[in-house]
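Quick one: the structure is below, questions incoming.
The values are calculated or read from the model by the stated rules, or taken from the named source; none is laboratory data. Keep in mind the model is a prediction, meaning the values are calculated, not measured. Using ideal geometry, Cβ is built from the backbone for each residue, glycine included, and neighbour counts are taken over all protein chains shown.
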Amino acid sequence: MEINFMSKETKTTNNKSLEQWIWDSACAIRGAKDAGKFKDYILPLIFVKRLCDVFDDEINRIAKGGSRIEALKRIDADHSRVRFYIPIRPKNSETEDSWNAIRSLSSNIGEELTRIIREIASHNSILDGVIDTVDYNATTRGQREIDDDRLSNLIEAISQKRLGLHDVEPDIIGRSYEYLIRKFAEGSGQSAGEFYTPREVGMIMASIMDAEPGMDVYDPTCGSAGLLIKCELALKEKQEKLGTKTFAPLHLYGQEYTPTSWAMAKMNMIIHDMEGDVELGDTFNNPKFKDATGHGIKKFDLAVANPMWNQSGFNEEIYTNDAYHRFPAGNPGGKADWGWVQHIFSSLKDSGRAAVVLDTGAASRGSGNANTNKEKDVRKWFIEQDLIEGILYLPENLFYNTTAPGIIVFINKNKSAKLKDKIFLINAGKEFIKGDPKNYVSDEQMKKIVEAYSTKRVIDNFSVFVGKDEIIKNDYNISPSRYIHIGDVAEYETVENILSKLAEVELKAKAADKNLQKVLKELGF
């Protein structure tokens, strides 16, 4: 599948990109909050601006050149006439846009802004808990977190562009919204991984998954829903190239544990003009999507996910006594990487496929170790069942919460005969452009990766098929860096892996020393 990968910035009719305008708006209150918390104030407000401007477009559509006030009376009587009902009114509804009710705030701005946003949420059930949880009047030890002057600057900055249906396409504002989320991720450190997967990684996954119209697509750790959204964007791109006149969207399903990330996901879906079912809750302990009986989990055509890497805290019982029988390979030990893969595997239909981002260590931990290793045993189960279609080794320093490269594991419940008892490996460790603060993968590099994987093309020092026998010989190590050596790029190892290998060497040295002492004793020394 050929994908026209989207450029980093979307140009508007003026000299400044929409993305840059949004970031400039955010900077109106920069410094009042740390970057991680900062997003919770700006994202809902830009979202509300979009809702207000679309609402005005719908007023004008109903008015058909006549009285806007009369059109509003019809809308007030029947809210179903519009996508989202906006209850606020400017001083003159005939000549002023709805947003002016916010723009004209001059006193008690934080208090009034909070009240207005909560009123909007109260009239639109889908927004309940999404935009109404932020208190713009919040204080810490008697000090306002964001004072009215900064809020006024922010509101005025956002007011500089109209975001209506005829001003900006959903795809454009959606990409700009994602750009803003990425900018927040740059300054969020460890917390960035909770809500954002780098754009390039998401586009590579979506392109390789190559969803078909009407498919059910699932992300059990959806963050801000970027991976799900990119699956639909990739499908739209494909159908446009085919000249398809009617578009059958995907059915998108996500679950997210963190309330702020869940709210971002809901806003992100709406602002992209996409429909999706995003649930709030702990997927590992309480998966929300059930089958028709209510006793099993729902099955999906495709799954995409970037779960927290090396997550700990799950005991033996959750794997052995799971009510939904999601863990056929058992307990992976102290890290949940292969626990997530098992949950995703169990959430797939019989012909289902998945792409899961994991720490590089998940491909090799325990291999070469004489001792029993639960994680290796689970990996072995997937290999013996011939469920792993491929592994993609990513470049370093792409992710915002680590400099480590990461891998994408591709699961396929119905592998073709060509792939039987084989795994297709790509080592894309060199496919990046140096960036600040993070590296990125260029459009051409993304195309190279996607084309090679989709066609399963073997390329020297880049991609290769590895048979099951060779994998067994290497003690179930499936890291692409083990089989494809590209030079100049170090294979990342966790501290735990290094310490484990050192301990193994030490044990072997002690055993050798013991045997030497025995031999020397027998020789009379």
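Every residue, every condition in (1) under 21 Å from residue 410 (Cα atoms); (2) in contact with a helix residue (DSSP H, G or I) (Cβ under 6 Å, 6 or more places away or on another chain), yes or no:
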residue: 227; (1), (2): yes, yes
residue: 233; (1), (2): yes, no
residue: 252; (1), (2): yes, yes
residue: 256; (1), (2): no, yes
residue: 266; (1), (2): no, no
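Whether any residue in the range 374-390 is in a loop (DSSP other than H, G, I, E, B) and without any contact (Cβ under 8 Å) to a residue 40 or more places away in the chain is what I want to check.
Taking the range 374-390 and keeping what is in a loop (DSSP other than H, G, I, E, B), we get 385-387.
With the extra rule that they be without any contact (Cβ under 8 Å) to a residue 40 or more places away in the chain, the set shrinks to 385.
Yes, that holds for at least one residue.
When residue 384 is evaluated against the numbered criteria (1) within 28 Å of residue 232 (Cα to Cα); (2) of a type in the set (Asp, Glu); (3) surrounded by fewer than 16 Cβ atoms within 10 Å (Cβ to Cβ), which criterion, by number, is the only one it fails?
Only one criterion in (1) within 28 Å of residue 232 (Cα to Cα); (2) of a type in the set (Asp, Glu); (3) surrounded by fewer than 16 Cβ atoms within 10 Å (Cβ to Cβ) is unmet by residue 384, namely (1).
Give the range 299-330 a look and list any residue that's closer than 21 Å to residue 216 by Cβ and either over 26 Å from the mean Cα position of the chain (by Cα) or exposed (fewer than 14 other Cβ atoms within 10 Å of the Cβ) (or both), or say none. Break it down into steps so the answer makes sense when it comes.
Step one: filter the range 299-330 for residues closer than 21 Å to residue 216 by Cβ, giving 299-307, 324-326.
Passing the criteria: only 325.
Sticking with this one: Whether any residue in the range 297-310 is at positive phi and either in the same structural domain as residue 41 (by TED's automatic domain parsing) or touching a helix residue (DSSP H, G or I) at 6+ places or on another chain (Cβ under 9 Å) (or both) is what I want to check. Full working, then the answer.
In the first step, residues of the range 297-310 are kept if they are at positive phi; the result is 310.
Of the ones still in play, those that are also either in the same structural domain as residue 41 (by TED's automatic domain parsing) or touching a helix residue (DSSP H, G or I) at 6+ places or on another chain (Cβ under 9 Å) (or both) are 310.
Yes.
Taking only the range 61-82 into account, find how many residues are touching a residue at least 12 places away in the same chain (Cβ under 8 Å), surrounded by fewer than 16 Cβ atoms within 10 Å (Cβ to Cβ) and of a type in the set (D, E, K, R).
Counting residues in the range 61-82 that are touching a residue at least 12 places away in the same chain (Cβ under 8 Å), surrounded by fewer than 16 Cβ atoms within 10 Å (Cβ to Cβ) and of a type in the set (D, E, K, R) gives 2.
For (1) of a type in the set (D, E, K, R); (2) farther than 20 Å from residue 206 by Cα; (3) free of Cβ contacts under 8 Å to residues at least 24 places away in the same chain, each residue gets a yes or a no:
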| site | (1), (2), (3) |
| --- | --- |
| 302 | no, no, no |
| 308 | no, no, no |
| 312 | no, yes, no |
| 316 | yes, yes, yes |
| 330 | no, yes, no |
| 335 | yes, yes, no |
| 340 | no, no, no |
| 348 | no, no, no |
| 354 | no, no, no |
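Looking at (1) of a type outside the set (Phe, Trp, Tyr); (2) within 30 Å of residue 98 (Cα to Cα); (3) touching a Cys at 6+ places or on another chain (Cβ under 7 Å), which is the one condition that is false for residue 162?
In the conditions (1) of a type outside the set (Phe, Trp, Tyr); (2) within 30 Å of residue 98 (Cα to Cα); (3) touching a Cys at 6+ places or on another chain (Cβ under 7 Å), residue 162 misses (3) alone.
Limited to the range 287-314, what total is found for residues that are assigned to a loop (DSSP other than H, G, I, E, B) and either of a type in the set (D, E, K, R) or under 16 Å from residue 341 (Cα atoms) (or both)?
Quick first cut of the range 287-314, residues assigned to a loop (DSSP other than H, G, I, E, B) only: 287-289, 291-296, 298-299, 306-314.
Next, only the ones that are either of a type in the set (D, E, K, R) or under 16 Å from residue 341 (Cα atoms) (or both) stay: 287-288, 291, 298-299, 306-312, 314.
Residues that pass the stated criteria total 13.
Starting from the range 153-172, take each residue that is on the phi > 0 side of the Ramachandran plot and list its partners that are part of a loop (DSSP other than H, G, I, E, B) and of a type in the set (Phe, Trp, Tyr), counting only C-beta distances under 6 angstrom and pairs at least six apart or across chains.
Listed by first residue and then by second, the contacts come to nothing, as the list is empty.
Does at least one position in the range 393-402 carry a residue that is in the same structural domain as residue 218 (by TED's automatic domain parsing), hydroxyl-bearing (Ser, Thr, Tyr) and surrounded by 20 or more Cβ atoms within 10 Å (Cβ to Cβ)? Step through it out loud before you land on a result.
Initially, the range 393-402 is screened for residues in the same structural domain as residue 218 (by TED's automatic domain parsing), giving 393-402.
Okay, now just the ones that are also hydroxyl-bearing (Ser, Thr, Tyr), so 393, 400, 402.
Pick out the ones that are also surrounded by 20 or more Cβ atoms within 10 Å (Cβ to Cβ) and you get 393, 400.
Checked the range 393-402: at least one residue is in the same structural domain as residue 218 (by TED's automatic domain parsing), hydroxyl-bearing (Ser, Thr, Tyr) and surrounded by 20 or more Cβ atoms within 10 Å (Cβ to Cβ).
Could you list, in sequence order, the residues of the range 331-373 that are buried (at least 21 other Cβ atoms within 10 Å of the Cβ), among the hydroxyl-bearing types (Ser, Thr, Tyr) and part of a helix (DSSP H, G or I)?
Within the range 331-373, just 360 meets the criteria.
Turning to a different aspect of this structure: Exactly one condition in (1) touching a strand residue (DSSP E or B) at 6+ places or on another chain (Cβ under 7 Å); (2) under 17 Å from residue 412 (Cα atoms); (3) not in a helix (DSSP H, G or I) is not met by residue 223; state its number.
Failing condition for residue 223: (2).
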